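K.L.:
This structure is in structure tokens; I'll ask about it shortly.
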Amino acid sequence: MKTEAVTVADRAHEAPSVRAYHDADAARWEAYVERAPSATFFHRIGWREIVEREFRHRTHYLLAERAGDVVGVLPLAEVKSRLFGHTLVSLPFAVYGGPAADDAEASAALAAQAEALGRDLGVDHLELRNRVSTGRGWAQQDLYVTYRKEILPDVEANMLAIPRKQRAMVRKAIGRGLVGEVDTDAARFFALYADNVHRHGTPPFSRRYFERLRATFGRDVEVLTVVDAQGTPVSSVLSFYFRDEVLPYYAGDSVAARELAANDFKYWDLLRRACERGLRTFDYGRSKRGTGSFDFKKNWGFEATPLAYEYCLYKGGEVPQRNPLNPKYRTMIEVWRRLPRPLVNAIGPGLVRFLG
């Protein structure tokens, strides 16, 4: 018994080894993500196929093991673009990424392997979209924040927890007869989403992408559409469910939504439904400082938590600013807004694959 105990202890202190993911690892990877406290919905193995098939980016998933047990994972994708350069990212199209690991040693081993991989691939930079810094001393940027809040066990308690002015908007929407409906496909969502991103001057994802999300993750992807008193869709959100959390991720609305307070109602209805399902965390996702989205979420009483996005800059220079707030994209955004909707829906997905 003593020898066995020593053996177990020795194995627990072994240095972790890191290797490339293989298809046979899928079940072990997914099981680890389900139990690891630092893992997120974006660490799920289904994203690997989506990134490769839908966006045609080469993936480089890494697995950390200790004594044969999985102790960490790191999803990575290689993105090559003439406009934005050659990057290695964890993970494109995700707000969270970076190493998910049992301990600091496993996390450091994954990050070190990613750094070496990026150098071997000749990328311009490696980007880890962490919630918490890996402590490697890489460049960071203070642009993105996340909003997470506990879901109270009682529906009315959640309503009363909303700040007074925002709560008044929700009650205004309820009084106007707005109703939330869970959709069986992405059709109504996509129409509102495509209209919304066009007004903001950014390319849309394809409808096929949203249907692929639903097909890949099943019941963990849900579309909630708000209709007005006449049954007209005015706002919609596609949400991810992970363990005891709900994450509203993609959204769209009509021009009429603001006057109807439809977006306020939409997120309240999602929160109410999450409460009734027994979920414990409402994750309002990522926002950029200085944007309307940042202010909107703050008005709900959510506290902004900075995200520790880290960049290993192999060739020096500054942290890349590939976002609509960058002044050099202003002209392109204005031109895009003026293009016909059928055209942007057709060519947009080919462009947005490099903007993740």
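The values are calculated or read from the model by the stated rules, or taken from the named source; none is laboratory data. Nothing here was measured: the structure is a model prediction, and the numbers come from that model. Ideal geometry is used to build each Cβ from the backbone, glycine not excepted, and the neighbour counts take in all protein chains shown. These accessible areas exclude ligands, DNA and RNA; they are computed on the full protein's heavy atoms, side chains included. Shrake-Rupley method; radii C 1.70, N 1.55, O 1.52, S 1.80 Å.
K.L.:
When DSSP beta bridges are limited to those with both residues in the chain, what percentage is antiparallel, rounded to the nearest 5?
P.N.:
Approximately 90 percent, going by the DSSP bridge assignments.
K.L.:
Return one number: the angle in degrees, 0 to 90 and rounded to the nearest 10, between the long axis of the Cα atoms of helix 262-276 and the longest principal axis of the Cα atoms of the chain.
P.N.:
Helix 262-276 sits at roughly 50 degrees to that axis.
K.L.:
Hey, which aspartates and glutamates would be in cross-link range of K172, C-alpha to C-alpha under 19 Å, not counting anything within fewer than 8 residues on its own chain?
P.N.:
The qualifying aspartates and glutamates are E156, E181, D228, D253, E259, D264, D269.
K.L.:
Can you list the GluC sites (Glu not before Pro) in segment 258-327 that are in a DSSP coil and have 11 or fewer other beta carbons within 10 angstrom?
P.N.:
Numbers: sites: E259, E276, E303, E310, E318; in loops: E303, E318.
Here the GluC sites (Glu not before Pro) that fit, given the DSSP loop and packing criteria, are E303, E318.
K.L.:
Also, I was wondering about something else. Please provide three numbers in whole Å: the alpha-carbon extents of the chain along the principal axes, with the largest listed first.
P.N.:
72, 52, 34
K.L.:
Now, a different point. Here is the link list: K149/K288; K80/K149; K80/K266. Which ones come out longer than 29 Å on Cα distance?
P.N.:
Pairs exceeding the cut-off: K80/K149; K80/K266.
K.L.:
For K172 and Q140, what is the calculated FRET efficiency with R₀ set at 41 Å and r taken between the beta-carbons, to the nearest 0.05? Before the final figure, lay out the partial values.
P.N.:
Details: r = 40 Å, r/R0 = 0.98.
For R0 = 41 Å, the calculated efficiency reads 0.50.
K.L.:
Right, another one. Over segment 204-321, with every protein chain in place, what whole percent of the accessible area is carbon and sulfur at 1.4 Å, could you tell me?
P.N.:
45 percent
K.L.:
Send over the semi-axes of segment 110-201's equivalent ellipsoid, whole angstrom and largest first, taken as the square roots of 5 times the C-alpha gyration tensor eigenvalues.
P.N.:
Working: eigenvalues 330, 97, 38 Å².
In descending order the semi-axes read 41, 22, 14 Å.
K.L.:
I've got another one for you. Which ³J(HN,Hα) values in Hz, rounded to whole numbers, follow from the phi angles of segment 221-230 under the Karplus curve 6.51 cos²θ - 1.76 cosθ + 1.60, where θ = phi - 60° and Gly and Pro get x?
P.N.:
Along segment 221-230, the couplings run 10, 9, 10, 10, 10, 9, 10, 7, 4, 8 Hz.
K.L.:
So between V335 and D69, what do we pick up on full extension, going 0.36 nm a residue minus the alpha carbon distance?
P.N.:
Length difference between fully extended and current span is 90.5 nm.
K.L.:
What spacing in nm lies between the two simple spin-label points modelled at D120 and S17, each 7 Å away from Cα in the Cβ direction?
P.N.:
Taking the two extended label points, one gets 1.5 nm.
K.L.:
Separate question: Tabulate in residue order the Karplus-calculated ³J(HN,Hα) for segment 22-36, using 6.51 cos²θ - 1.76 cosθ + 1.60 with θ = phi - 60°, rounded to whole Hz; enter x for Gly and Pro.
P.N.:
10, 4, 5, 8, 4, 5, 5, 4, 5, 5, 5, 4, 5, 9, 6
K.L.:
A follow-up question, please. Just name one of A157, A187, V145: the one whose Cα is farthest towards the positive end of the charge dipole of the chain (beta-carbon charges, Lys/Arg +1, Asp/Glu -1).
P.N.:
A187
K.L.:
If you don't mind, there's one more thing I want to ask. Could you work out the helix-only [θ] at 222 nm for the chain, with each DSSP H run of four or more residues adding -39,500 (n - 2.57) and the total divided by the number of residues, to the nearest 500 deg cm²/dmol?
P.N.:
One gets -11500 deg cm²/dmol as the mean residue ellipticity at 222 nm.
K.L.:
Please report the orientation-averaged projected area of segment 173-325, defined via the convex hull of its C-alpha atoms, in nm².
P.N.:
Working: hull surface 43.6 nm².
Average of the hull's projected areas for segment 173-325 equals 10.9 nm².
K.L.:
Using the beta-carbon distance between A229 and H86 and R0 = 41 Å, what value does 1/(1 + (r/R0)^6) give for FRET efficiency, to the nearest 0.05?
P.N.:
That pair, A229 with H86, gives E of 0.20.
K.L.:
If R0 is 35 Å, what FRET efficiency do you get for R277 and V255 from their C-beta distance, rounded to 0.05? Walk me through the numbers before you get to the answer.
P.N.:
Details: r = 32 Å, r/R0 = 0.91.
Here the calculated transfer efficiency is 0.65.
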